[in-house]
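The structure appears right after this line, and notes come after that.
The values are calculated or read from the model by the stated rules, or taken from the named source; none is laboratory data. From a predicted model like this one, the values you see are computed outputs, not experimental measurements. As a convention, Cβ positions derive from the backbone with ideal geometry for all residues, glycine included, and neighbour counts pool all protein chains shown. For the accessible areas, the whole protein counts, side chains as well, though only heavy atoms, and no ligand, DNA or RNA atoms are used. Shrake-Rupley method; radii C 1.70, N 1.55, O 1.52, S 1.80 Å.
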Amino acid sequence: QVQLVESGGGLVQPGGSLRLSCAASGFTFSSWATSWYRQAPGKERELVATITGLGGSTNYADSVKGRFTISRDNLKNTAYLQMNSLKPEDTAVYYCMTKIWQTPYWGKGTLVTVSS
């Protein structure tokens, strides 16, 4: 079955960096786009970044452009989110998502806390 497992979250100071990973299994990873979403306390889940299956195209939310980079390694069936210049407002649970034939699959998320 389709599985997505996020890792790499933690506590970081403002201005710091983290790299999140999303390990995928149970499907042909390179055939489908992968997205990162986040949900801050008391807020709706929002799209952060998306990368196409072969990695040729990416897009980002305006709030993270220039600070976050999405990438993927299809040989390792893993997607990444490199987060730099982190701000307190980036604090959230970060989720990996893929949509296969219009059916969304989600990981359980990893918590990122940006605080001094």
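Quick one: Kirkwood hydrodynamic radius for the chain, alpha-carbon pairs, angstrom, one decimal?
14.0
Below 8 Å between Cα atoms, with a sequence gap of 6+, how large is the relative contact order for region 55-111 in percent?
Across region 55-111, relative contact order equals 22 percent.
Please compute the contact order of the chain in relative form: average sequence separation of alpha-carbon pairs under 8 Å and at least six residues apart, divided by the residue count, as a percent.
This gives 36 percent for the chain.
Work out how much length K76 to L11 would gain on full extension: take 0.36 nm times their residue separation and subtract the Cα-Cα distance, in nm to one decimal.
20.8 nm
With both bridge residues required to lie in the chain, what share of the DSSP beta bridges run antiparallel, to the nearest 5%?
95
Measure off, as a whole percent, the carbon and sulfur share of the 1.4 Å-probe accessible area of the chain, all protein chains present.
Reported share for carbon and sulfur atoms: 49 percent.
Please identify the trypsin sites (Lys or Arg not before Pro) of region 10-61 that satisfy two criteria: DSSP loop assignment and at most 14 other Cβ atoms within 10 Å. Which are they?
Passing sites in region 10-61 are K43.
Can you list the equivalent-ellipsoid semi-axes of region 31-93, largest first and in whole Å, using the square root of 5 times each Cα gyration tensor eigenvalue?
22, 12, 10
In Å², and per residue, what accessible area does the chain have when probed at 1.4 Å with the other protein chains present?
With all protein chains present, the chain gives 54 Å² per residue.
Could you give the distance between the Cα centres of region 10-48 and region 65-116, to the whole Å?
Going from one Cα centre to the other spans 2 Å.
Checking the cross-link filter: which lysines have an alpha carbon closer than 24 Å to that of K87, excluding same-chain neighbours under 8 positions apart?
Counting by Cα, and skipping residues close in sequence, K87 has these lysines nearby: K43, K65, K108.
How much space per residue, in cubic angstrom, does the convex hull of the C-alpha atoms of region 1-54 take up?
113
What trypsin sites (Lys or Arg not before Pro) in region 64-116 are in a loop by DSSP, with at most 14 other Cβ atoms within 10 Å of the Cβ?
K65, K76, K108
Can you tell me which of D90, D73, D62 moves the most in a GNM of the chain? Springs connect C-alpha atoms under 10 Å apart.
Of the options given, D62 has the highest mean-square fluctuation.
I'd like the GluC sites (Glu not before Pro) in region 1-97 restricted to DSSP loop residues with at most 11 other Cβ atoms within 10 Å, sorted by number.
Listed in order of number, the matching sites are E44.
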